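The values are calculated or read from the model by the stated rules, or taken from the named source; none is laboratory data. The shown structure was predicted, so the numbers you read here are calculated from the model rather than taken from an experiment. We place every Cβ from the backbone using ideal geometry, glycine too, and count neighbours over all the protein chains shown.
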């Protein structure tokens with residue numbers, strides 16, 4: 001069976017090849033490589049830095065596929081069947097207590113992340129001792145999430161799977177539904193699993209209807225059936241007709257257009273087929289069609305969006321490179337005026353530093369009210385929890401209280417994280433436009449009619465440490481049998497990569513883990529309801545203080561990231577221009593060669609145009625013709 005997302009990987013490699021061409025031409029134009037910024041792998045050339053960021057995002061692209069559903073629906077069995085390896089428990093009891101992220105790695109490994117910030121490397125076969133409800137009841141160990149890496153071809157090209165916690169029908173309240181819908185918003189594709197027959201209950205059907213009303217396009221509804229029902233045409237048709245009609249009606253009521261896809265699958269047979277390498281059984285299980293449709297969707301939507309964005313960023317970088325070629329042409333046109341141009345550049349660079357500081361300070365004043373709003377969202381569940389705690393009538397109700405509060409905090413935390421990410425991204429985008437205008441003003445003073453200077457917003461959200469991590473990842477990737485995608489953060493793929501550096505981490509998961517960790521011992525063994533209430537009340541204050549401290553620290557880190565990134569961009573911009581003066585100064589000492597260097601500049605303009613055309617053509621074969629028409 002072909003590897004998942006092979007076609008996307010081929011297109012990505014074509015675009016990376018186009019990127020390498022731009023880097024080679026730029027290096028030749030500079031006539032020397034820029035020195036590296038101390039402590040990072042980022043060149044002190046603005047254009048080289050922009051190209052390095054495009055490479056990072058392309059190589060680290062991941063497409064996240066989430067598996068959703070209530071307990072005992074076969075989520076873990078289906079996940080194992082899809083990738084052909086057991087990476088999640090398949091017991092009858094509610095097993096998955098925390099999210100499990102599964103991505104590619106040459107050597108099987110699992111990393112457990114805890115609420116106190118620590119991590120533990122464990123064998124893949126021991127993961128269940130941290131993720132299962134049986135071994136880790138109410139998440140008393142304080143696990144936020146688990147990352148598994150397994151050598152499975154399905155995951156090699158940048159696919160990551162998430163097995164999410166499932167809850168029983170009795171606990172499938174509005175909090176659980178909202179939590180699941182939030183997860184569906186951030187994954188690139190969501191597989192929503194339900195089990196039938198004997199029947200789809202009213203609670204589950206209501207949940208499916210809300211899923212459809214939320215986002216129909218990237219949702220794959222899977223009706224998991226036991227083998228005897230799956231192969232009974234009458235039962236199978238009746239179930240699909242009933243569920244399908246209800247979901248179609250729900251999508252119409254929500255005014256959602258598009259095809260409603262319900263996939264009949266026998267997850268047990270899919271897993272058995274993988275274990276026995278039975279291709280016929282695999283196709284009969286229905287998982288084959290599901291997998292192909294998920295792949296086609298990711299390639300055609302998130303994949304193409306990622307590639308088009310990268311191609312556009314490469315074109316932007318070539319535009320800036322062309323602008324520097326034109327600056328060199330201007331300086332070569334009258335070398336005797338070089339001293340005058342240099343004095344003008346010195347003044348412009350000094351003014352640029354002042355204007356950059358003003359722009360950053362003005363932009364970051366908007367962070368304070370944003371942070372206050374986020375802190376308010378995080379604190380809301382605690383106010384409600386203290387009221388609910390006062391109404392708990394018995395010790396037996398404390399477990400239910402803790403379970404519901406954990407879900408409420410997870411929902412509020414993820415909402416807070418997302419709102420901060422969106423707000424901060426808008427702030428950075430406005431700052432980016434201001435910086436571009438100031439760069440443009442300096443360039444135009446040196447040479448009129450230049451291409452527009454355009455920066456990548458990601459350039460303002462990446463720290464030197466992150467670039468250094470990328471370099472280390474690239475070295476590890478070279479050891480694999482082929483060019484594999486690099487593992488990114490826990491955010492979804494595609495557009496999420498651009499804002500990945502400033503999102504407030506997994507606040508919801510952290511809050512939920514803190515609840516399980518800090519309340520488990522408090523609740524167990526208590527004999528006095530009043531004493532338990534008092535103790536839990538104090539623990540709630542501890543948890544809220546820990547979460548707010550984490551939020552404040554991450555906001556401060558995001559601000560510092562932007563400040564340092566802006567300063568690096570300014571220094572890189574100045575470096576590129578001063579390098580041109582140094583080169584032209586050397587050329588001016590060889591007047592007999594001036595004509596040759598002027599012709600070289602013309603050839604570089606043509607070379608960068610060809611680079612831009614190649615980048616466009618890598619994602620759209622008709623683009624080159626359209627661009628030159």
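Among the residues of segment 524-551, those identified as without any contact (Cβ under 8 Å) to a residue 60 or more places away in the chain and either at positive phi or not in a helix (DSSP H, G or I) (or both) are 524, 525, 528.
Pairs meeting the criteria (first residue in segment 19-39 and farther than 16 Å from residue 604 by Cα, second residue modelled with pLDDT under 80 and outside any loop (DSSP other than H, G, I, E, B), beta carbons under 6 Å, at least 6 apart or on different chains) are 34/43; 39/464.
Every residue, every condition in (1) surrounded by 19 or more Cβ atoms within 10 Å (Cβ to Cβ); (2) touching a residue at least 24 places away in the same chain (Cβ under 8 Å), yes or no:
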site	(1), (2)
305	no, yes
310	yes, yes
321	yes, yes
324	yes, yes
341	yes, yes
347	no, no
355	no, yes
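Confirm whether residue 253 is over 30 Å from residue 232 (Cβ atoms) and surrounded by fewer than 16 Cβ atoms within 10 Å (Cβ to Cβ). Yes; evaluated as a whole, the condition is true for this residue. Restricting 516, 525, 538 to residues that are surrounded by 16 or more Cβ atoms within 10 Å (Cβ to Cβ), under 30 Å from residue 141 (Cα atoms) and either at pLDDT 85 or above or assigned by TED's automatic domain parsing to the domain that holds residue 402 (or both) narrows the list to 516. Within segment 394-419, the set of residues being outside any helix (DSSP H, G or I) and free of Cβ contacts under 8 Å to residues at least 12 places away in the same chain comprises 396 only.
Condition check ((1) in contact (Cβ under 8 Å) with a residue 24 or more places away in the chain; (2) touching a strand residue (DSSP E or B) at 6+ places or on another chain (Cβ under 8 Å); (3) within 21 Å of residue 63 (Cα to Cα)) across all residues:
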residue	(1), (2), (3)
108	yes, yes, yes
120	no, yes, no
137	yes, no, no
150	yes, yes, yes
153	yes, no, yes
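What do you reckon, is residue 331 touching a helix residue (DSSP H, G or I) at 6+ places or on another chain (Cβ under 9 Å), assigned to a helix (DSSP H, G or I) and not assigned by TED's automatic domain parsing to the domain that holds residue 266? So residue 331 passes the test. Run residue 294 past the list (1) assigned by TED's automatic domain parsing to the domain that holds residue 218; (2) out of contact with any strand residue (DSSP E or B) (no Cβ under 6 Å at 6 or more places or on another chain); (3) crowded, with 19+ Cβ neighbours inside 10 Å and report the number of the one that doesn't hold. Only one criterion in (1) assigned by TED's automatic domain parsing to the domain that holds residue 218; (2) out of contact with any strand residue (DSSP E or B) (no Cβ under 6 Å at 6 or more places or on another chain); (3) crowded, with 19+ Cβ neighbours inside 10 Å is unmet by residue 294, namely (2).
Restrict the check to segment 552-566 and report whether at least one residue is part of a helix (DSSP H, G or I) and more than 28 Å from the chain's Cα centre (by Cα). No, every residue in segment 552-566 fails to be part of a helix (DSSP H, G or I) and more than 28 Å from the chain's Cα centre (by Cα). The numbered conditions (1) over 18 Å from residue 367 (Cα atoms); (2) in a helix (DSSP H, G or I); (3) in contact (Cβ under 8 Å) with a residue 60 or more places away in the chain are all true for residue 436 except (3). Residue 140 passes every criterion in (1) under 30 Å from residue 517 (Cβ atoms); (2) at pLDDT 85 or above apart from (2).
Looking at 306, 340, 318, just one residue is in contact with a strand residue (DSSP E or B) (Cβ under 9 Å, 6 or more places away or on another chain) and either assigned to a helix (DSSP H, G or I) or over 30 Å from residue 27 (Cα atoms) (or both), and that residue is 306.
So that you can scan it fast, the table gives a plain yes or no per residue for (1) more than 27 Å from residue 185 (Cβ to Cβ); (2) assigned by TED's automatic domain parsing to the domain that holds residue 569; (3) surrounded by fewer than 13 Cβ atoms within 10 Å (Cβ to Cβ); (4) touching a helix residue (DSSP H, G or I) at 6+ places or on another chain (Cβ under 6 Å):
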| position | (1), (2), (3), (4) |
| --- | --- |
| 362 | yes, yes, yes, no |
| 396 | yes, yes, yes, no |
| 399 | yes, yes, no, no |
| 408 | no, yes, no, yes |
| 412 | no, yes, no, yes |
| 420 | no, yes, no, yes |
| 435 | yes, yes, no, no |
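Among the residues of segment 280-292, is there at least one that is modelled with pLDDT of 90 or more, out of contact with any helix residue (DSSP H, G or I) (no Cβ under 9 Å at 6 or more places or on another chain) and part of a helix (DSSP H, G or I)? Taking every residue of segment 280-292 in turn, at least one turns out to be modelled with pLDDT of 90 or more, out of contact with any helix residue (DSSP H, G or I) (no Cβ under 9 Å at 6 or more places or on another chain) and part of a helix (DSSP H, G or I).
Evaluate the following for residue 40: is it outside any helix (DSSP H, G or I), farther than 20 Å from residue 320 by Cβ, at pLDDT below 75 and not assigned by TED's automatic domain parsing to the domain that holds residue 583? Spelling it out, residue 40 is indeed outside any helix (DSSP H, G or I), farther than 20 Å from residue 320 by Cβ, at pLDDT below 75 and not assigned by TED's automatic domain parsing to the domain that holds residue 583. Taking the numbered list (1) buried (at least 16 other Cβ atoms within 10 Å of the Cβ); (2) within 22 Å of residue 204 (Cα to Cα); (3) without any contact (Cβ under 8 Å) to a residue 40 or more places away in the chain in turn, residue 248 passes all entries but (1). Out of segment 315-332, which residues are more than 13 Å from residue 455 (Cα to Cα) and within 35 Å of the chain's Cα centre (by Cα)? 322, 323, 324, listed by residue number.
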